[in-house]
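Asker: Let me give you the structure first, and then I'll get to my questions.
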Amino acid sequence: MLSTNPANGATHVAVSTVGPGNVVTPRTVSAVFSEAMNPASIVSPALTFTLKERLSGNNVAGTVTMNAAGTVATLTPAAVLASNTQFIATITSAATSVAGIALAYRVEWSFTTGSHVGQAPVDLATAASFLVLAGTSIDNISSQANPTRINGQLGIWPGLASSVHGFTESTPAGTGIILTGGIQTGDIVRQAQDDLLAAKNDAGTRSSFQVAVGTQDLSQLAFDGGAPGVYPPGLYVSGSSLALIAGNMVLDARGDPDAVWIFRAGSSLTVADSRKLFLINGARAANVFWDLGSSATVGDQVDFKGSIMSATSNTVGTGTATSTGTAVEGRVLAHSTSVVLNFTTVNAPAP
């Protein structure tokens with residue numbers, strides 16, 4: 001096997017998750033195999049893949065399924081997992097590959113739930129293949145000494161390639177560098193924009209287990225008895241704007257590598273110069289989403305995490321510093337209008 005989900009030793013795992021339409025489903029448990037497996041040896045009603053509570057020894061009722069490739073087995077519990085409980089997942093050596101070769105040994109891993117309900121990731125679908133996406137224009141205004149670097153592809157629709165300025169691939173050319181993917185237009189980007197809108201509709205209509213944050217500086221808020229600026233996984237909502245001005249933010253997965261954060265603002269997000277977002281205890285930028293009713297403005301020398309999903313526009317970086325510029329591990333996506341970049345590096349979030 002290659003990996004498990006939750007990871008072995010994970011703590012504070014959500015007992016269930018909220019997905020599109022505010023549907024709450026039990027937290028699933030899965031295993032990824034290095035080769036295709038024989039589904040008949042794993043899926044229900046086979047007893048190869050089981051889950052039980054460590055203390056009581058009680059088995060968790062559920063259904064086991066396989067993906068089409070036969071490489072991922074998923075156990076879906078029949079009910080929400082017990083909170084603050086350690087579980088043991090087991091796949092026995094009765095599981096076999098499509099060639100009939102059994103696992104060399106019994107595999108076990110354990111994890112411990114918290115007491116919270118998590119959020120399911122927002123599905124960006126084809127929009128996830130773009131690091132920068134805009135409707136009408138994309139402009140890089142960085143200097144030759146401090147160029148913008150996009151380690152992926154740009155997309156614009158309904159604008160044309162002629163509406164992308166300031167990159168070596170654009171006309172007129174500029175200092176921005178697109179290392180892979182180039183500038184995409186047409187139907188593929190139209191679909192990405194449709195998928196971005198669908199993702200925003202999903203994030204925008206989730207309401208279960210949300211936490212209201214108002215308009216207070218995100219670095220000043222505290223949750224669950226923690227320090228200011230430290231955010232456990234969840235859905236954080238402001239009816240107006242969000243801002244990170246006076247300090248930094250820490251996103252704490254508490255040992256759950258599938259932890260998800262959704263920050264939603266009715267209007268804008270503003271991030272001051274030199275602010276940083278730290279990921280700790282298994283947190284991943286791929287599971288951080290910023291759903292904005294209008295736009296994002298991110299300052300200079302910022303270390304930003306997550307996918308920005310703006311209804312209108314995004315401006316990232318100012319180019320005033322001569323050292324590091326602003327770095328985004330995630331995506332800069334705008335649905336209807338523009339993206340402006342200045343001494344900004346955008347990298348795809350690690351899977």
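The values are calculated or read from the model by the stated rules, or taken from the named source; none is laboratory data. Just so you know, these numbers come straight off a predicted model, no measurement behind them. Note that each Cβ is placed from the backbone with ideal geometry, even for glycine, and that neighbours are counted across all protein chains shown.
Asker: Suppose we keep only residues that are within 17 Å of Pro349 (Cα to Cα) and in contact (Cβ under 8 Å) with a residue 40 or more places away in the chain within the stretch 147-162. Which one would you say is surrounded by the most Cβ atoms within 10 Å (Cβ to Cβ)?
Answerer: The extreme case among them is Ile150.
Asker: Considering only the stretch 204-217, state which residues are within 19 Å of the chain's Cα centre (by Cα) and either surrounded by 20 or more Cβ atoms within 10 Å (Cβ to Cβ) or part of a loop (DSSP other than H, G, I, E, B) (or both).
Answerer: Arg206, Ser207, Ser208, Phe209
Asker: For the stretch 227-241, which residues satisfy the criterion of being more than 29 Å from Ser129 (Cβ to Cβ) and either of a type in the set (Lys, Arg) or in a loop (DSSP other than H, G, I, E, B) (or both)?
Answerer: Ala227, Pro228, Gly229, Pro232, Gly239, Ser240, Ser241
Asker: Are any residues in the stretch 226-257 crowded, with 22+ Cβ neighbours inside 10 Å and charged (D, E, K, R), and if so, which ones?
Answerer: Listed by number, the residues that qualify are Asp252, Asp256.
Asker: Any residue that is under 14 Å from the mean Cα position of the chain (by Cα), surrounded by 24 or more Cβ atoms within 10 Å (Cβ to Cβ), part of a loop (DSSP other than H, G, I, E, B) and at pLDDT 95 or above - is there at least one of those in the stretch 262-280?
Answerer: no
Asker: Here is a further query. Mind counting the residues in the stretch 98-145 that are closer than 17 Å to Asn347 by Cβ, in a loop (DSSP other than H, G, I, E, B) and in contact with a Phe, Trp or Tyr (Cβ under 7 Å, 6 or more places away or on another chain)?
Answerer: Residues in the stretch 98-145 being closer than 17 Å to Asn347 by Cβ, in a loop (DSSP other than H, G, I, E, B) and in contact with a Phe, Trp or Tyr (Cβ under 7 Å, 6 or more places away or on another chain): 1 in total.
Asker: Examine the stretch 14-35 for a residue that is over 30 Å from Arg206 (Cα atoms) and surrounded by 18 or more Cβ atoms within 10 Å (Cβ to Cβ), and state whether such a residue exists.
Answerer: Yes, some residue in the stretch 14-35 is over 30 Å from Arg206 (Cα atoms) and surrounded by 18 or more Cβ atoms within 10 Å (Cβ to Cβ).
Asker: Under 30 Å from Leu55 (Cβ atoms) and surrounded by 15 or more Cβ atoms within 10 Å (Cβ to Cβ) - does that describe any residue in the stretch 134-142?
Answerer: The answer is no, given that none of the residues of the stretch 134-142 is under 30 Å from Leu55 (Cβ atoms) and surrounded by 15 or more Cβ atoms within 10 Å (Cβ to Cβ).
Asker: Filtering the stretch 38-68 down to residues that are aliphatic (A, V, I, L, M) and assigned to a loop (DSSP other than H, G, I, E, B), which residue is farthest from Ala78 (Cα to Cα)?
Answerer: Among those that are aliphatic (A, V, I, L, M) and assigned to a loop (DSSP other than H, G, I, E, B), it is Ala68.
Asker: Please verify whether the stretch 36-43 includes one or more residues that are under 26 Å from Asn84 (Cα atoms) and either modelled with pLDDT of 95 or more or crowded, with 16+ Cβ neighbours inside 10 Å (or both).
Answerer: No: the stretch 36-43 contains no residue that is under 26 Å from Asn84 (Cα atoms) and either modelled with pLDDT of 95 or more or crowded, with 16+ Cβ neighbours inside 10 Å (or both).
Asker: Looking at the stretch 177-230, which of its residues are among the β-branched types (Val, Ile, Thr) and modelled with pLDDT of 95 or more?
Answerer: Answer for the stretch 177-230, where residues must be among the β-branched types (Val, Ile, Thr) and modelled with pLDDT of 95 or more: Ile177, Ile178, Ile183, Thr185, Ile188, Val189, Thr205, Val211, Val213, Val230.
Asker: Moving on. Based on this model, can you work out whether Ile183 counts as touching a Pro at 6+ places or on another chain (Cβ under 6 Å), of a type in the set (A, V, I, L, M) and closer than 15 Å to Thr148 by Cβ?
Answerer: no
Asker: Additional query: Just one of (1) surrounded by fewer than 21 Cβ atoms within 10 Å (Cβ to Cβ); (2) part of a strand (DSSP E or B) trips up Phe289, so point out which.
Answerer: For Phe289, the exception is condition (1).
Asker: Additional query: Being outside the structural domain of Val15 (by TED's automatic domain parsing), under 19 Å from the mean Cα position of the chain (by Cα), under 30 Å from Asn281 (Cβ atoms) and not in a strand (DSSP E or B) is the requirement here; does Asp224 meet it?
Answerer: It is false that Asp224 is outside the structural domain of Val15 (by TED's automatic domain parsing), under 19 Å from the mean Cα position of the chain (by Cα), under 30 Å from Asn281 (Cβ atoms) and not in a strand (DSSP E or B).
Asker: Which of the residues belonging to the stretch 293-308 are in a strand (DSSP E or B) and either of a type in the set (Val, Ile, Thr) or touching a residue at least 40 places away in the same chain (Cβ under 8 Å) (or both)?
Answerer: Across the stretch 293-308, the qualifying residues are Thr297, Val298, Lys305, Gly306, Ser307, Ile308.
Asker: Here is a further query. Could you list, in sequence order, the residues of the stretch 146-203 that are closer than 21 Å to Thr312 by Cβ, under 28 Å from the mean Cα position of the chain (by Cα) and part of a loop (DSSP other than H, G, I, E, B)?
Answerer: Thr148, Trp157, Pro158, Gly159, Thr185 - these are the residues of the stretch 146-203 that are closer than 21 Å to Thr312 by Cβ, under 28 Å from the mean Cα position of the chain (by Cα) and part of a loop (DSSP other than H, G, I, E, B).
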